[in-house]
Amino acid sequence: MYDKPMLSLMADHNRWMNEKLYAVCAGIADEARKRDLGAFFRSIHGTLNHLLLVDRLWLGRINGKPFPIRSLDQELYADIDTLKRERADTDAVIAGFIAGLQPAHLAEPVTYISFVRQESVTLPLGLILTHLFHHQTHHRGQITTLISPLGYDYGETDLIYLPQRRRGTSPHRPVHGADAGRGAAGQGCGWHVFRSIDAHCSIRHAAARA
């Protein structure tokens with residue numbers, strides 16, 4: 001049911017989009033980036049923080065070393081440069097973890113305590129990873145909606161433009177024929193990166209709830 005090549009492509013797209021959005025958001029004044037604009041996590045900065053928080057929450061669950069949180073809107077980093085660096089480190093961990101997976105791993109169960117429901121939940125790894133990327137896409141869409149009225153251009157966002165970028169061609173060239181279904185394999189450093197998640201993500205493990 002869960003396809004490793006597709007997850008690798010999603011990891012690649014995730015990394016690409018985060019790089020693009022952070023490049024834009026780093027140029028927005030601190031006050032404007034943290035202003036309450038009525039989003040679910042209030043501001044651009046708040047939404048960026050939420051995405052990093054939840055990714056680390058899921059990584060901790062998958063690794064069996066839960067990442068403790070106080071709330072889903074907890075601010076990990078107030079400084080955009082630190083947030084940007086930590087986002088890049090976490091994206092490298094995600095890509096490396098997926099690169100090291102075997103297809104059979106995707107069906108393996110992961111059990112965790114839900115922060116929202118306060119009960120034990122068991123889901124297959126493949127579903128959790130798919131959810132992680134969909135959650136990212138959902139909130140990145142909110143971020144693009146918030147920054148567009150401020151006059152910032154974040155460029156292309158569609159998944160279909162990623163293969164051309166990886167081949168070094170224009171992301172604005174229309175996709176035709178075989179190009180339409182061709183993805184790029186996620187790059188990463190494998191399981192050893194994930195086993196070193198503390199070093200990459202500065203995660204402090206304890207009983208996590210999500």
Gained length - I160 relative to H138, 0.36 nm times residue gap less alpha-carbon distance: 6.2 nm
Cα Rg over Rh - the stretch 1-53, Kirkwood: 1.12
Anisotropy class of the stretch 18-86 from Cα gyration tensor, a/c 1.5 cut: prolate
Net lengthening on full extension, I113/R42 (0.36 nm per residue, minus Cα-Cα): 22.9 nm
Calculated FRET efficiency for the pair T145/K65, C-beta based, R₀ 35 Å, to 0.05: 0.50
FRET efficiency for L127 and L72, using Cβ-Cβ distance with R0 set to 22 Å, rounded to 0.05: 0.65
Spin-label pair E31/D89, simplified geometry with 7 Å Cα→Cβ offset, distance in nm: 3.1 nm
Solvent accessible area, Å² - L101, 1.4 Å probe, full protein context: 0 Å²
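The values are calculated or read from the model by the stated rules, or taken from the named source; none is laboratory data. Fair warning: this is a prediction, and the values are worked out from it, not measured in the lab. Glycine also receives a Cβ, built like all others from the backbone with ideal geometry; neighbour counts cover every protein chain displayed. Remember, those area values only see protein heavy atoms, side chains included, never the ligands or the DNA or RNA. Shrake-Rupley method; radii C 1.70, N 1.55, O 1.52, S 1.80 Å.
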